[in-house]
Amino acid sequence: MALSTNKNKIVGLVVIVLLIIAVFIVFGGGEEVHEASRIEEGVFIEPRDDIIIENPYEDVNWESYGQHKANLHTHTRKSDGIYSVGRMIDEYYEREYDILAIADHNEVSWPWENFNRDAEELGMLDIKANEISDTHHIGSYFNDYNIEDARNYIPVLASTFAGEPADISEEEVIREIGNRDGLAVFFHPGRYDDTAGYYAQFYKKYDHLVGMEVVNQLDRYPQDRAKWDNVLTMLMPDRPVWGFSNDDSHRIGHIGHCYNVFLLSDLKENEFRDAMKTGQFYFANGKGSPKLNEIEVDNDEGKVKIEAEEKERVKWFSNGVIIAEGETFNFRESANVGSYIRAEIKGEEGVAYTQPFAVWEEEKE
């Protein structure tokens, strides 16, 4: 009996140890596990001396251009937010945002004059937008497209009791946004099970589909970045997909954590629209994220350098993995440089993210 009891104890201990190992493998341990998936882990890329970097910030005059804070995903009582359109505009104005898009679910809450707010008087850009929500949620900008017979989202209760979604596909939605000269962004992809290949098909087909939201509402879907890296690995260097960070705000506690910083010579809608298309902005997660002062690419020397305020460390990524650290990156001397690079600049209370830099093996003609 004693021997049987000891065997049971041993078996039990072995099971517990195996469970601990399994949890460690799944969830990671030790130092932080980066949110990007480790694409093709174990594949080693030798340093290459024939590559150049395409800089999305090349045309930015960092000394003279304004850095304009923007939230492009805001909800009000017109869909499932708590507060009125006017109240949400006031909240962002008080926090010194320059650019704001009210993107209610299946509802174009624009122009601001309809809600007793004057964007010009406030010194803000009021961007026409909505969140198409009967499919994979998609941010729609600079147009008034909406799905016919779309669900009417209810304040606070979201889509509860809003009825059945319209029978329509992402393909139709993206196409119709383009037909109205709009721009589109996939929202919070980490919420869905769609593969990188699923997203890539749309980016290959539609130029007006400019990016992907990769930080959303207090960073509730950290796997957003993994999907972004997967898509970039599939499409770069030919087809960049710009990253966006938005509050997806429904209440006051959501405001000011996730934002974009647009680098513009003038706060005008045409310049903002161009920046959305060319990636002339960076984005942040955390109220105390570092401010970027300059990003310089020197293809003669094979270096990229980032200058930022209140930074603690800079990490460089390619194909979903960390490949280097430090404010200056020698990309021709570094291994594992794939089809793009991007940087994350960590501060005491947040992280700033650059857009992806395309990596080319030879200079484009």
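Read-outs throughout are calculated quantities, based only on the coordinates presented, and are distinct from any laboratory measurement. A quick note: this is a predicted structure, and the numbers were derived from the prediction, not measured. Cβ coordinates were reconstructed from backbone atoms using ideal geometry, including for glycine residues, and neighbour counts include every protein chain displayed.
Given Cα positions, please report Rg to Rh for the range 288-365, the hydrodynamic radius being the Kirkwood one. Can you show the working numbers first?
Values: Rg = 12.5 Å, Rh = 12.8 Å.
Reported Rg/Rh (Cα atoms, Kirkwood Rh): 0.97.
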One quarter of the C-alpha convex hull surface, i.e. the mean projected area of the range 220-365 in nm², amounts to 9.9 nm²
With N residues in the range 66-287, Rg(alpha-carbon) / (2.2 N^0.38 Å) equals 0.94
Computed over the range 247-331, the convex hull of the Cα set has an average projected area, in nm², of 7.7 nm²
Semi-axes of the range 103-183 from the Cα gyration tensor (sqrt of 5 times each eigenvalue, largest first, whole Å) come to 24, 17, 8
Of the range 220-248, those with amide N under 13 Å from the point 7 Å along the Cα→Cβ vector of residue 175 are none
At the level of C-alpha centres, the distance separating the range 166-213 and the range 299-329, in angstrom, is 30 Å
Here the FRET efficiency for residue 300 versus residue 268, based on Cβ atoms and R0 = 35 Å and rounded to 0.05, is 0.55
Result row for the chain, helices from DSSP H with C-alpha axial extent 30 Å or more and mean Kyte hydropathy at least 0.5, is 2-27
Pseudo-spin-label distance residue 220 to residue 48, built 7 Å along Cα→Cβ, given in nm, is 4.0 nm
Residue span residue 239 to residue 116: 0.36 nm per residue of separation minus Cα-Cα distance leaves a gain in nm of 40.2 nm
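Counting pairs of alpha carbon atoms under 8 Å apart in space and at least six apart in sequence, what relative contact order in percent does the chain give? Before the final figure, lay out each step's value.
Values: 804 pairs, mean separation 70.7, N = 365.
Taking the mean separation of contacting Cα pairs over the length of the chain, I get 19 percent.
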